[in-house]
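Okay, here's the structure, questions in a sec.
The values are calculated or read from the model by the stated rules, or taken from the named source; none is laboratory data. Being a predicted model, the structure only gives us computed values, none of them experimental. Every residue, glycine among them, receives a Cβ derived from its backbone with ideal geometry; neighbour counts consider all protein chains shown. Just so you know, the surface numbers come from the protein's heavy atoms only, side chains and all, with ligands and any DNA or RNA stripped out. Shrake-Rupley method; radii C 1.70, N 1.55, O 1.52, S 1.80 Å.
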Amino acid sequence: MERKDYQVIAGPCSAESEEQVVQTALAIKDIGGVDYYRAGIWKPRTNPGGYEGPGVKGLSWLLQAKKASGLKTATEVATAKHVEDALNFEVDLLWIGARTTVNPFSVQQLADTLRGTDATVYIKNPVNPDLKLWVGAVERILKAGITKVGLIHRGFSQYGNSRFRNEPLWQIPIEMKRLFPDIPMICDPSHIVGKRDGLFEVLQTSIDLDYNGAIIETHLDPNSALTDKDQQIEPLALKAGLEQLVWKKNSLDTPQYSIELDGLRKQINVHDEQLIHLIRNRMNIAEEIGRLKKDNQVTVLQNNRWNEVLDKAVLLGTSLDLSEDFIRHMMELLHLESIRLQNSLQKVEQQIH
Ligand code: PEP
Ligand code: MN
């Protein structure tokens, strides 16, 4: 990815007043490098009583901002009426929010309204880590004949503490990129990180993963913002952050690079093969244990033993500079597969007897 192919969407979380919408657009235009100006017109709030956006009157502010700054505009739509209103006010990019992507009824209603228009539609990942819902939403929009489609990775909500507001779970957008290689994927670090610090580290990770753009919440005075004030940044901070990003090419054709890369990839392939054989051997032993447990009528799950296995793996893994999270996930997967094999063994033997 080189900067020239990269699109940046910036602007406040919410449209708050005519003056704020127009002045922010001009300030964002001034820093350069931004393609679309975003402002939330209808805000989905978790609790009632918060600021829910200006509604239709905000669309005329957005149109004024577009005319004054020359920037294209973008906003979130969640109902058929939102789509009609936004298109009437010449909004250039509509995005489907994370709370809407989860609902196939709503997505279908949007798709039916969009049919026959040449709208540009970006689809945020659903709030929950459900790849199929995201895929389904994209398919509904594509089936309505919309061709200018994009994906927005805004992270996934979770219960409990995390350093992120929404966990990035990079494996999910990576799989989406594999399934839809021709659809651009952009990163929304604001909703992933949830605060000002660390936005550009997440954005850099997305650039290293060959993303095609970013959507970043930008406010003239973040501390006084009516929504998402902890994560919005000033236009000059946006400029500084964008300037410090390191742009990567997605391929290089020099012979020396290709030979070196090929050699390393071959080694990776050998290791992957060895890993799978090793895992199969581990499962053979798990099956033997399963047989022993069955003969002695002992339960498959043994919590003490599982804790011991997990602790040992985490200790060794972290001492080798592998992350605790990774080791835990990997061990959980291995454990689940062992249990599956041990259970199916018990079932087969029940059928034989
Ligand atoms: C937003 O972009 O302001 C927003 C509400 O995003 P999400 O749908 O990702 O929560
Ligand atoms: Mn927001």
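So the check is Cβ under 7 Å with 6+ separation or different chains; which pairs have a first residue in the range 155-170 that's closer than 15 Å to Trp134 by Cα and a second one that's away from ligand 2 (no atom under 16 Å from the Cβ) and assigned to a strand (DSSP E or B)?
Taking only residues 6 or more apart or on different chains, the pairs are Gly155/Glu167; Phe156/Glu167.
Restricted to the range 93-120, and to residues that are away from ligand 1 (no atom under 14 Å from the Cβ) and touching a helix residue (DSSP H, G or I) at 6+ places or on another chain (Cβ under 7 Å), which residue is farthest from Asn166 (Cα to Cα)?
Ranking the candidates gives Thr117 first.
Let me ask something additional. Quick check, is Leu261 of a type in the set (A, V, I, L, M, F, W, C), out of contact with any helix residue (DSSP H, G or I) (no Cβ under 6 Å at 6 or more places or on another chain) and surrounded by fewer than 15 Cβ atoms within 10 Å (Cβ to Cβ)?
Judged against the criteria, Leu261 is a match.
Quickly run through the range 29-53 and pick out the residues that are out of contact with any Gly (no Cβ under 9 Å at 6 or more places or on another chain) and buried (at least 18 other Cβ atoms within 10 Å of the Cβ).
Ile31
Turning to a different aspect of this structure: In this structure, does His153 turn out to be under 13 Å from the mean Cα position of the chain (by Cα) and modelled with pLDDT of 95 or more?
So His153 fits the description; yes.
I've got another one for you. Within the range 180-238, how many residues turn out to be in contact with a Ser or Thr (Cβ under 8 Å, 6 or more places away or on another chain), open to solvent by 30 Å² or more (accessible area, probe 1.4 Å) and within 15 Å of ligand 2 (Cβ to nearest atom)?
Within the range 180-238, residues that are in contact with a Ser or Thr (Cβ under 8 Å, 6 or more places away or on another chain), open to solvent by 30 Å² or more (accessible area, probe 1.4 Å) and within 15 Å of ligand 2 (Cβ to nearest atom) number 2.
Here's something else I'd like to know. For a quick check of your reading of the model, give me the residue pairs whose first member lies in the range 195-206 and is basic (Lys, Arg), whose second is not in a helix (DSSP H, G or I), with beta-carbon atoms closer than 9 Å and at least 6 apart or on different chains.
From the range 195-206, the pairs are Lys195/Arg165; Lys195/Asp230; Lys195/Gln231; Arg196/Asp230; Arg196/Gln231; Arg196/Gln232; Arg196/Ile233.
A quick yes/no check of all residues on (1) exposed (fewer than 11 other Cβ atoms within 10 Å of the Cβ); (2) within 31 Å of the chain's Cα centre (by Cα):
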| residue | (1), (2) |
| --- | --- |
| Arg265 | yes, yes |
| His277 | yes, no |
| Arg282 | no, no |
| Gly290 | no, no |
| Leu322 | no, yes |
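Of (1) of a type in the set (S, T, N, Q); (2) at pLDDT 95 or above; (3) within 16 Å of ligand 2 (Cβ to nearest atom), Thr46 satisfies all except one. Which?
(2)
Quick check: is even one residue across the range 46-53 hydroxyl-bearing (Ser, Thr, Tyr), over 21 Å from Gly150 (Cα atoms) and away from ligand 1 (no atom under 16 Å from the Cβ)?
no
Quick one: is Thr147 over 27 Å from Gly241 (Cα atoms), open to solvent by less than 50 Å² (accessible area, probe 1.4 Å) and either away from ligand 1 (no atom under 15 Å from the Cβ) or in contact with a Gly (Cβ under 9 Å, 6 or more places away or on another chain) (or both)?
Against the criterion (over 27 Å from Gly241 (Cα atoms), open to solvent by less than 50 Å² (accessible area, probe 1.4 Å) and either away from ligand 1 (no atom under 15 Å from the Cβ) or in contact with a Gly (Cβ under 9 Å, 6 or more places away or on another chain) (or both)), Thr147 does not qualify.
Go through (1) open to solvent by less than 30 Å² (accessible area, probe 1.4 Å); (2) at pLDDT 95 or above; (3) more than 16 Å from ligand 1 (Cβ to nearest atom) for Asn88 and report which single condition fails.
It is condition (1) that Asn88 fails.
Still on this structure, I have one more. Please state which of the following conditions Ser251 fails to meet, knowing it meets all the rest: (1) touching a residue at least 60 places away in the same chain (Cβ under 8 Å); (2) outside any helix (DSSP H, G or I).
(1)
Continuing with this model, one more query. Which residues, taken from the range 125-139, are within 16 Å of ligand 2 (Cβ to nearest atom) and either part of a helix (DSSP H, G or I) or open to solvent by 10 Å² or more (accessible area, probe 1.4 Å) (or both)?
Hit for the range 125-139 is Val127, nothing else.
With small (Gly, Ala, Ser) and over 22 Å from Lys143 (Cβ atoms) as the only criterion, which of Gly97, Gly55 stands out?
Gly55
Another question, if that's okay. I need the full set of residues from the range 94-108 which are away from ligand 2 (no atom under 16 Å from the Cβ) and part of a helix (DSSP H, G or I), in order please.
Once the filter is applied, which keeps residues that are away from ligand 2 (no atom under 16 Å from the Cβ) and part of a helix (DSSP H, G or I), the range 94-108 yields Pro104, Phe105, Ser106, Val107, Gln108.
If we keep just the residues of the range 220-248 that are in a helix (DSSP H, G or I) and small (Gly, Ala, Ser), which is nearest to Leu26 (Cα to Cα)?
Checked the range 220-248; the qualifying residue nearest to Leu26 (Cα to Cα) is Ala237.
Among the residues of the range 254-299, which ones are in a loop (DSSP other than H, G, I, E, B) and closer than 25 Å to Ile207 by Cα?
Matches in the range 254-299: Thr254 only.
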